[in-house]
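**Q** For reference, the structure I am asking about is given below.
The values are calculated or read from the model by the stated rules, or taken from the named source; none is laboratory data. Values in this document were obtained by computation on a predicted structure and should not be read as measured data. Ideal geometry is used to build each Cβ from the backbone, glycine not excepted, and the neighbour counts take in all protein chains shown.
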Ligand SMILES: [Zn+2]
């Protein structure tokens, strides 16, 4: 799970450029945070276009010499910026750097300590929506390219920077995007800056992601609302029926209980389970970070380590529920009830199979013989890196040097829908997912913030990572032969 730094070339000149340009990077980051490019439904798509255009300009001002908007009908624009390797690196590999420029809605803006789209520094952190997720990710990539370009006339590898515009809504135009622009993304490795570090100051490579499927289910019994005293008894209640249906999808511990749902998940080996237990996971800290109330036990299979439940098992969440509000509730039977069910998938699970199983199960298990209609939604694949790939070892060493700490290899309970299809499209290339957030970032929440010292370390980590990848891929057969060995 950890790795010792290896000796590599002196990068003093590159790191000096990083230092000298730190305020320019910070300024660019703040200018991007000020643009509310929210991809969720109901927000102004014009802001996303403005955000994409701003990213294009920032890329051109920070080491890239070409940058275009990549368009797909109906989708917010993505940005592709490029910079060739310095002249002595013409035979170097091509690295695709990934980040996204869209952000989550701010939620209740009144609840923020400072306005979400006015970046504000306090206690070593920069507050604002998207400061960490994921505008810091794209700036860390650009800071590295910029430093290399200034110090050495170009990065040590050919660089393509892809900045997506709809990550926060599940990359819904993914297939059309890859069909239209996949050829331009060709690369030998992908570096993703959109995940979380194990702790502040601890470099972390994320080696697995969960997938995500969802479905909407509606149960119907009546064509209008009726008096619960005059009809209740012989006439069934759709709200009760829906809660009974949803409750049946999990066992007594809250673990997914839909038969056969995760049969294709890849179980951890004993060795992997052992390494996971070696991580310094503190259950009390985890409870505190989640805000779990005193006495409320953790959910899921009690025989599995909490990290195994978080990273390697499916989990079902009811993310929406339409029923009458408690305030002003009448003694009446509702004609129908509706819920949106979202399930995180374990690595190995086929998202299309999982979504089909979910919909079939909802359709087939509605109590009281009510009418039911389950509508499939998102299907995003989980991801699992090949941790034995030389690029992963090289990346872990490079980050360890930048942070002065051993690199932790960790899983992630969240999803990045583009990763699995993108790497498949590129020919199963290695993927390095580097941490930008820390456990206190509150991405997607109120008072999202970026740890500024970690951001500086992330930038130098990116600078070192480019060099480590350039070296590790030489000769190119080193990676190709390895790819041939794994199953
Ligand atoms: Zn993100």
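**Q** Would you confirm, using the coordinates I've provided, whether residue 99 is surrounded by 16 or more Cβ atoms within 10 Å (Cβ to Cβ) and modelled with pLDDT of 95 or more?
**A** Criteria met by residue 99.
**Q** Now for a separate question. Within the group 320, 254, which residue is closer than 25 Å to residue 363 by Cβ and in a strand (DSSP E or B)?
**A** 320
**Q** Would you mind stating whether residue 294 is surrounded by 12 or more Cβ atoms within 10 Å (Cβ to Cβ) and not assigned by TED's automatic domain parsing to the domain that holds residue 444?
**A** So residue 294 fails the test.
**Q** Looking at the range 442-466 only, could you name the residues that are modelled with pLDDT under 95 and buried (at least 18 other Cβ atoms within 10 Å of the Cβ)?
**A** Result: 443, single match.
**Q** Go over the candidates 289, 272, 294 one by one and state the one that is part of a helix (DSSP H, G or I) and without any contact (Cβ under 8 Å) to a residue 24 or more places away in the chain. If you could, list the steps in order and put the result at the bottom.
**A** Details: 289 fails: without any contact (Cβ under 8 Å) to a residue 24 or more places away in the chain; 294 fails: part of a helix (DSSP H, G or I).
Matching residue, one of 289, 272, 294: 272.
**Q** Name the single residue that is surrounded by the fewest Cβ atoms within 10 Å (Cβ to Cβ) among those in the range 297-317 being out of contact with any helix residue (DSSP H, G or I) (no Cβ under 7 Å at 6 or more places or on another chain) and part of a loop (DSSP other than H, G, I, E, B). Working first, answer last.
**A** In the first step, residues of the range 297-317 are kept if they are out of contact with any helix residue (DSSP H, G or I) (no Cβ under 7 Å at 6 or more places or on another chain); the result is 297, 299, 302-304, 309-317.
From what is left, the residues that are part of a loop (DSSP other than H, G, I, E, B) are 297, 299, 302-304, 313-314.
Working: 297: 10, 299: 14, 302: 11, 303: 8, 304: 17, 313: 22, 314: 23.
Among them, the one singled out is 303.
**Q** Tell me, which residue of the range 143-168 that is in a helix (DSSP H, G or I) and buried (at least 24 other Cβ atoms within 10 Å of the Cβ) is nearest to the ligand (Cβ to nearest atom)?
**A** Checking each candidate, the answer is 167.
**Q** Within the range 179-203, work out how many residues are crowded, with 19+ Cβ neighbours inside 10 Å and either away from the ligand (no atom under 16 Å from the Cβ) or over 21 Å from residue 93 (Cα atoms) (or both).
**A** 11
**Q** Test of understanding: among 468, 443, which residue is part of a loop (DSSP other than H, G, I, E, B) and either in the same structural domain as residue 386 (by TED's automatic domain parsing) or touching a helix residue (DSSP H, G or I) at 6+ places or on another chain (Cβ under 9 Å) (or both)? Write out each step before concluding.
**A** Working: 468 fails: part of a loop (DSSP other than H, G, I, E, B).
Of the residues listed, the single one that is part of a loop (DSSP other than H, G, I, E, B) and either in the same structural domain as residue 386 (by TED's automatic domain parsing) or touching a helix residue (DSSP H, G or I) at 6+ places or on another chain (Cβ under 9 Å) (or both) is 443.
**Q** Something else about it: What is the number of the single condition among (1) without any contact (Cβ under 8 Å) to a residue 12 or more places away in the chain; (2) part of a helix (DSSP H, G or I) that residue 325 does not meet?
**A** (2)
**Q** Continuing with the same structure: With respect to residue 213, is the statement that it is more than 16 Å from the ligand (Cβ to nearest atom) and modelled with pLDDT of 95 or more true? Talk me through it step by step, then tell me what you get.
**A** Numbers: more than 16 Å from the ligand (Cβ to nearest atom): yes; modelled with pLDDT of 95 or more: yes.
Spelling it out, residue 213 is indeed more than 16 Å from the ligand (Cβ to nearest atom) and modelled with pLDDT of 95 or more.
**Q** Let me spell it out: the conditions are (1) part of a loop (DSSP other than H, G, I, E, B); (2) farther than 19 Å from residue 436 by Cα; (3) in contact with a helix residue (DSSP H, G or I) (Cβ under 9 Å, 6 or more places away or on another chain), and residue 113 meets all of them except one. Which number is the exception?
**A** Only one criterion in (1) part of a loop (DSSP other than H, G, I, E, B); (2) farther than 19 Å from residue 436 by Cα; (3) in contact with a helix residue (DSSP H, G or I) (Cβ under 9 Å, 6 or more places away or on another chain) is unmet by residue 113, namely (3).
**Q** Quick check on this structure: which one of 154, 211, 182 is farther than 30 Å from residue 471 by Cα and touching a helix residue (DSSP H, G or I) at 6+ places or on another chain (Cβ under 7 Å)?
**A** From the options 154, 211, 182, the qualifying one is 211.
**Q** If I go through the range 23-70 residue by residue, how many of them are surrounded by fewer than 20 Cβ atoms within 10 Å (Cβ to Cβ), assigned to a loop (DSSP other than H, G, I, E, B) and touching a residue at least 60 places away in the same chain (Cβ under 8 Å)?
**A** Adding up the residues that qualify gives 5.
**Q** OK, next. Is one or more of the residues making up the range 117-140 surrounded by fewer than 24 Cβ atoms within 10 Å (Cβ to Cβ), within 16 Å of the ligand (Cβ to nearest atom) and under 24 Å from residue 342 (Cα atoms)?
**A** No: the range 117-140 contains no residue that is surrounded by fewer than 24 Cβ atoms within 10 Å (Cβ to Cβ), within 16 Å of the ligand (Cβ to nearest atom) and under 24 Å from residue 342 (Cα atoms).
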